[in-house]
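The values are calculated or read from the model by the stated rules, or taken from the named source; none is laboratory data. Predicted model only: the values in this text are computed from it and were never measured. No Cβ is skipped: glycine too gets one built from the backbone with ideal geometry, and neighbour counts run over all protein chains shown.
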Amino acid sequence: MSKGSDLLVAALENEGVDRIFGIPGEENLDVVESIRKSSIELILTRHEQAAAFMAATHGRLTGRPGVCITTLGPGALNLTTGAAYALLGAMPMVMITGQKGVRSSRQARFQIVDVVAAMKPLTKLSRQIVSPRMIPGVVREAFRVAGEERPGPVHLELPEDIAAEECDAVAPIPPHPVELPLASPLALDRAAQMIIEAQRPLAMMGAAASRPRSTSDLAQFVLRTGIPYFTTQMGKGTVPGGTELYMGTAALSERDYVHEAIERADLIITIGHDTVEKPPFIMGADGPKVIHVGYQPATVEQVYFPQTEVIGDIGASLRLLADRLEGNIPNAQALLPLREGILSRIAARDSEDRFTPQRLVHDVRAVMPADGILALDNGMYKIWFARNYRTRVANTLLLDNALATMGAGLPSAMMAAMLFPERRVMAVCGDGGFMMNSQELETAVRLKLNLVVLVIEDHAFGMIRWKQAVDDFPDFGMTFGNPDFVRYAEAYGAKGTRVGAIAELRPALEQAFAEGGVNLVVVPIDYSENERVLVEELRHRLPWPVSPVPNG
């Protein structure tokens, strides 16, 4: 005989789960005991939100759903931000929550919230398990739904009486490979003809292009076609460096230097674009034609309405498209003369002797190897890193340009450090976002992670404060005090360093990585560059650079 909780854990093992993140409660105790006797590691976090961010990041980096567990009511509801983070960011995740018994209610309505209903708009699937015998099938379906395109979160609620109920053993359902469909030959032919006839073609790598299974095919497509490309914020690094065709990242929706190429293009091939991202460019009646290459059909929006779609496995579709295009695109590199001018204007600089965003980006890039992973929280610095930080390997700049929630940077970096202990991993957080999940420093220390946490301190919710100033509102309601971050880190058993001069930043980061363990480095920021560059400089940007661009 097996308990329902045993069947659940056996089904999770069947899916290859090796870690579960979360904070169990009274209603999960049978599941906790089943985990204790299994091969799965239970990783206790200090807040349920952090558990969800870690599970979602596991899905993002591996392509396999991460798993988190909480109790009923308040614990389950603390997963909602993480659920939305995974849903908008297309990260596969399975959330398991407890519930009071469904056959009796000895505690009446105490702590009972309809979590299944609450999770429905935030997940791909939300179900209550009402019988132990259904567990293997429900778990298999949960992982299938979470992982299939478009990936996202799934929620399962396991009441405590179902978890404790004994029944005959039910074998788990073995997973089976699922091949994605290929784009139709007609769609491929139509797209190829449009690209061949284009006078100034340009490619764009979006969020879905960063799926682990796709990146090698993207690189080959770029090399075989020779078409220059730019990326969205979440598409950074999908094509390795060295192609000399990278034109920049669209950290803003318009008027940035990369938009010099976008505005000149007569055709843009968007690869893996997901409209949950803040628009990298805005389509209009007089704008370029757009070919949408994606796992799923485009979501038509006022700012995005492609004229042609190539739907199917992105990697295989690009291989077939490149077969039709290689050596046959007369104007493939028509926009390439713009590249040097664009990149020179956004290059990270070491000439700054202030704590400017550009200097911070430069020094962080200098200490991070090509495969080093940077996990950003959300704040003003995210725009600067998206714009100025060059990536050469996919998923080495983890940022959230979909839900854009604060508090995810540290847990995301912790997950990356667990998955890739041999690589340098750094969290970059504003002081506002860091304090939203700073308690997870204890988790990181307990797990003996090697992790550097760079806290950018301006004593304010800087991005909103900047927007407040740009919109001519009075400075109000955005500033706060901070603890002594060095002593705060030391209280958790981590190491802390405060950088007093910009020349000290790079050595401090190098020393932190050399020492190992959890190291927190605090640095001030001079955000006057926000107004000077992102408002005044771009407002007066010339329509086109001096460099000539062929008109075909």
Filter region 170-223 for residues that are among the charged types (D, E, K, R) and in the same structural domain as E309 (by TED's automatic domain parsing); which is farthest from I291 (Cα to Cα)?
R213
Options A386, A444, A427: the member that is touching a strand residue (DSSP E or B) at 6+ places or on another chain (Cβ under 9 Å), closer than 20 Å to R365 by Cβ and modelled with pLDDT of 95 or more:
A427
So if I check each of G89, G59, G82, G98, which one is touching a Pro at 6+ places or on another chain (Cβ under 6 Å) and modelled with pLDDT of 95 or more?
G59
Among the residues of region 25-48, is there at least one that is farther than 23 Å from A10 by Cβ and among the small types (G, A, S)?
no
Select from region 237-277 the residues that are among the basic types (K, R) and modelled with pLDDT of 90 or more and list them in ascending order.
R264
What residue, of L403, L360, is within 30 Å of F476 (Cβ to Cβ), in contact (Cβ under 8 Å) with a residue 60 or more places away in the chain and outside any loop (DSSP other than H, G, I, E, B)?
L360
Given the structure, is A10 closer than 30 Å to P177 by Cα, modelled with pLDDT of 95 or more and touching a Pro at 6+ places or on another chain (Cβ under 7 Å)?
yes
For region 494-514, which positions are in a helix (DSSP H, G or I) and more than 19 Å from R423 (Cα to Cα)?
I502, A503, E504, L505
Restricting attention to region 43-58, which residues are more than 14 Å from A84 (Cβ to Cβ) and part of a helix (DSSP H, G or I)?
A50, A51, M54, T57, H58
Extreme residue, modelled with the lowest pLDDT, among residues of region 166-193 that are closer than 30 Å to V9 by Cα and not in a loop (DSSP other than H, G, I, E, B):
C167
Here is a check on your reading of the model: is A84 surrounded by 24 or more Cβ atoms within 10 Å (Cβ to Cβ), under 26 Å from A207 (Cα atoms), outside the structural domain of S210 (by TED's automatic domain parsing) and touching a strand residue (DSSP E or B) at 6+ places or on another chain (Cβ under 9 Å)?
no
Tell me, yes or no, whether region 83-97 has at least one residue that is of a type outside the set (D, E), at positive phi and not in a helix (DSSP H, G or I).
yes
Filtered residue count, region 476-493, keeping only those that are assigned to a loop (DSSP other than H, G, I, E, B) and either aromatic (F, W, Y) or touching a Lys or Arg at 6+ places or on another chain (Cβ under 7 Å) (or both):
4
I196 fails exactly one of the following numbered conditions: (1) surrounded by fewer than 21 Cβ atoms within 10 Å (Cβ to Cβ); (2) in contact with a helix residue (DSSP H, G or I) (Cβ under 8 Å, 6 or more places away or on another chain); (3) assigned to a loop (DSSP other than H, G, I, E, B). What is the number of that condition?
(3)
Among the residues of region 62-81, write down those that are in contact with a strand residue (DSSP E or B) (Cβ under 7 Å, 6 or more places away or on another chain), small (G, A, S) and either part of a loop (DSSP other than H, G, I, E, B) or over 23 Å from N14 (Cα atoms) (or both).
G75, A76
Kindly provide the set of residues from region 425-448 that are under 21 Å from the mean Cα position of the chain (by Cα) and surrounded by fewer than 21 Cβ atoms within 10 Å (Cβ to Cβ), ordered by number.
M435
Out of region 315-359, which residues are modelled with pLDDT of 95 or more and either in contact with a Phe, Trp or Tyr (Cβ under 6 Å, 6 or more places away or on another chain) or among the aromatic types (F, W, Y) (or both)?
L318, A322
Cβ-Cβ under 9 Å, sequence separation 6+ or interchain: first residue in region 280-291 and assigned by TED's automatic domain parsing to the domain that holds L252, partner part of a loop (DSSP other than H, G, I, E, B) and acidic (D, E). Which pairs?
F281/E254; I282/E254; P288/D266; K289/D266
Is it the case that V31 is closer than 24 Å to C167 by Cβ, assigned to a helix (DSSP H, G or I), among the β-branched types (V, I, T) and assigned by TED's automatic domain parsing to the domain that holds V130?
yes
Here is a list of conditions, (1) within 24 Å of M406 (Cα to Cα); (2) in contact with a strand residue (DSSP E or B) (Cβ under 6 Å, 6 or more places away or on another chain), and M91 meets all of them except one; can you say which number that is?
(2)
When region 49-61 is examined, which residues are found to be surrounded by 24 or more Cβ atoms within 10 Å (Cβ to Cβ), farther than 22 Å from P74 by Cα and of a type outside the set (V, I, T)?
H58, G59, R60
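Okay, residues lined up against (1) surrounded by fewer than 24 Cβ atoms within 10 Å (Cβ to Cβ); (2) aromatic (F, W, Y); (3) under 30 Å from M406 (Cα atoms):
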{"position": "S2", "(1), (2), (3)": "yes, no, no"}
{"position": "L7", "(1), (2), (3)": "no, no, no"}
{"position": "E15", "(1), (2), (3)": "yes, no, no"}
{"position": "G22", "(1), (2), (3)": "no, no, yes"}
{"position": "E26", "(1), (2), (3)": "yes, no, yes"}
{"position": "V31", "(1), (2), (3)": "no, no, no"}
{"position": "K37", "(1), (2), (3)": "yes, no, no"}
{"position": "E41", "(1), (2), (3)": "yes, no, yes"}
{"position": "H47", "(1), (2), (3)": "yes, no, yes"}
Restricting region 363-383 to residues that are of a type in the set (G, A, S), in a loop (DSSP other than H, G, I, E, B) and touching a strand residue (DSSP E or B) at 6+ places or on another chain (Cβ under 8 Å), the one modelled with the highest pLDDT turns out to be G372
